[in-house]
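In what follows, a structure is listed as structure tokens, so that the remarks can point back to it.
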Amino acid sequence: MADIKSGRGIQVLIPSTDHTFTLNEEALEKLLLNDEVKDLPVVVISVAGAFRKGKSFLLSFFLRYLYQTYNLKVAGGEWMGSPDEPLQGFSWRGGSERHTTGLLLWSHPFIATLENGDKVVIYLMDTQGTFDSESTVKDNATVFALSTMLSSVQIYNVSQQIEEDDLQHLQLFTDYGRLALESNTGKPFQRLQFLVRDWSYPYDHPYGAEGGQRLLEKQLSIRENQHPELQSLRRHIISCFEELRCFLMPHPGIKVATDPSFKGKLSDISDEFKQCLKEFVPMLTAPENLIVKKIAGHSVKARDLLIYMKSYMNVFSGSTLPEPKTILEATAEANNLSAVAEAKDVYETLMEEVAGGAKPYVQPALLQQEHRRARDKALHAFNSKKKMGGDEFSASHSQKLIKELDEQFEQYRLRNDDKNVLRRLGTALVLAAGALAAWLLAAVCGLLDLAALSLLASLGAYAAVAALLLWGYSRITGNFGEWALILDEKTAMIMNMVIPAPLQAATGLSYSTDKKET
């Protein structure tokens, strides 16, 4: 079983010097398409906010809790570690220079079982800090946008107070959310968790979730004397997220902030900070508190997450920030592609039960019947899933799905043909029968003193044997493939003339000179 030391943060969104980002698809495929997790709903917990405010430091404590709870299967107890144990996990350090760049996912996802018995997979996401001296406004908005779009819980890490600027950074999502609500897809985001670090006014609002909620309600309240723009922003923030929460965190202690040799030991961290960590981390990661990522009301699986990331990168890869409408279209595209992938899985599962690799040969008529049944089931699965983008947008993906299922059926048909021994050896049987018939004819002609006909029959027999040897050599070695193809076509013509149509259908010996037909 993997431990924290063997894991690392994997950079899945890579920034470049020209202020664009590249998706690390190879790393993402290893994380999201692993057989153990690809079909599990995802819980994505992300931390975003200004640089040098302890985001990676915080996530490393999340790792300690997740390893003990889901890997070691130890519920409750002292998960924070020993007092003198250095803090390991996501790479972090003190100082004033930025450390994390792009987006990072922890290399070892955690598989958890919810209270209802369903399994989910948990991913932790670390993000590049915003508002440093090297990042543009677009850089900051891209990282913040992608992490919020992809997470089921976005921890918004702010310092000392929830300022108006912190709310303004959510403007892109409020516009997107307004469009999503107009499309009747429900609230687009799930939980926005404000985390106020270094809170200095516990006498106004106490540390923890209760004091944080009071502060958040005060900051998001809409008053008559507020500017209409500020009122509109607050209404849209409230309408965008299913849950809005806030937690007030004390300062971790003077040694954490000023000692360059600080390694994350609990003995160097203030008791108040540690106590708040014990409350905050399980509040988001305990089995009963996990929030599965949903889009358009449906749970997002690990493999779906890759589809969404690719779609979002298509609209965020330009030189300017995308319009909210473009983001909505990208979400709709990924949402429909996810439905197509699920429908194809339904089709493949049903067809594998009938015509999988280990299954025996199936009569063509029955195989066609099973194809239609499986295709109808797959289309039902696609149509029954709630999708974004409207009926016209969905219809184009439905047509694409039908085409792909028909192409997939062609592969099943060819594999099924290969299992038909009579079909596979049809050419050999015709040539062998021809040689035998020619020998018999030569023998009869010899008895009747018909020398010329006996000679011709003997030559025919030799020719059939020679053709059979050539065909066998070609099929074994791959040489003279064009000659083998000619023999297949000629013997197919003979089989069609000799074998009655009902018998052809029953045995799968419905030959044609067109290689694509059966």
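The values are calculated or read from the model by the stated rules, or taken from the named source; none is laboratory data. Just so we're clear, the structure is a prediction, and the values are computed from it rather than from any experiment. Virtual Cβ from ideal backbone geometry, glycine too; neighbours counted across all protein chains shown. Surface areas here come from the heavy atoms of the whole protein model, side chains and all, with no ligands, DNA or RNA. Shrake-Rupley method; radii C 1.70, N 1.55, O 1.52, S 1.80 Å.
Could you work out how far apart the two model spin labels at S299 and E229 are, taking each label as a point 7 Å from the Cα in the direction of the beta carbon, and quote it in nm?
The two pseudo-label positions are separated by 4.3 nm.
Any idea how far apart D271 and E288 come out in nm if each label point goes 7 Å out from Cα toward Cβ?
My value for the distance between the label points is 2.8 nm.
So if I take the centroid of the Cα atoms in region 214-291 and the same for region 433-454, what is the distance between those two points in Å?
Answer, in whole Å: 98.
Compute the distance in nm between two label points, each set 7 Å from the Cα along the Cα-to-Cβ direction, one at K325 and one at A443.
Here the answer is 8.5 nm between the modelled labels.
How do L23, L124 rank by accessible surface area computed with a 1.4 Å probe, from largest to smallest?
Per-residue accessible area, sorted high to low, gives L23, L124.
For E243 and A432, what does the FRET efficiency come to when R0 = 56 Å and r is the distance between their Cβ atoms, rounded to the nearest 0.05?
Here the calculated transfer efficiency is 0.15.
With viscosity set to 1.002 mPa s at 20 °C, what whole-number translational diffusion coefficient in µm²/s follows for region 251-353 from Stokes-Einstein and a Kirkwood radius over Cα pairs?
D, rounded to a whole number, is 118 µm²/s.
Can you work out the FRET efficiency for the pair A257 and E392, with r the C-beta to C-beta distance and R0 = 56 Å, to the nearest 0.05?
0.50
From largest accessible area down, sort D376, D391; use a 1.4 Å probe on the protein chains.
Solvent-accessible surface, decreasing: D391, D376.
Residue by residue through region 268-283, which ³J(HN,Hα) values in whole Hz follow from phi under the Karplus form 6.51 cos²θ - 1.76 cosθ + 1.60 (θ = phi - 60°), with glycine and proline marked x?
Residue by residue, region 268-283 yields 9, 9, 5, 5, 4, 5, 5, 5, 5, 4, 4, 8, 6, 4, x, 4 Hz.
What are the principal axis extents of the Cα atoms in region 268-309, in Å, biggest first?
43, 21, 14
Applying 1/(1 + (r/R0)^6) with R0 = 60 Å to the Cβ-Cβ distance of L485 and K5, what FRET efficiency is obtained, to the nearest 0.05?
0.50
Using per-residue counts of other Cβ atoms within 10 Å, averaged over each peptide, order 108-119, 454-465 from highest down.
Per-residue Cβ counts within 10 Å, averaged per peptide and sorted highest first, yield 454-465, 108-119.
What pairs from K187/K385; K30/K301; K38/K278; K5/K55; K119/K400 go past 22 Å between their alpha carbons?
In this structure, K38/K278; K119/K400 exceed 22 Å between Cα atoms.
When the accessible area of region 330-424 is split by element with a 1.4 Å probe, what percent falls to carbon and sulfur?
Carbon plus sulfur share of accessible area: 51 percent.
Give me the three principal axis extents of region 172-312 from the C-alpha atoms, as integers in angstrom, largest value leading.
Projected onto its principal axes, the Cα set of region 172-312 covers 52, 48, 30 Å.
What's the whole-number percent of alpha carbon pairs in region 9-83 lying beyond 18 angstrom?
Counting every Cα pair in region 9-83, those more than 18 Å apart make up 62 percent.
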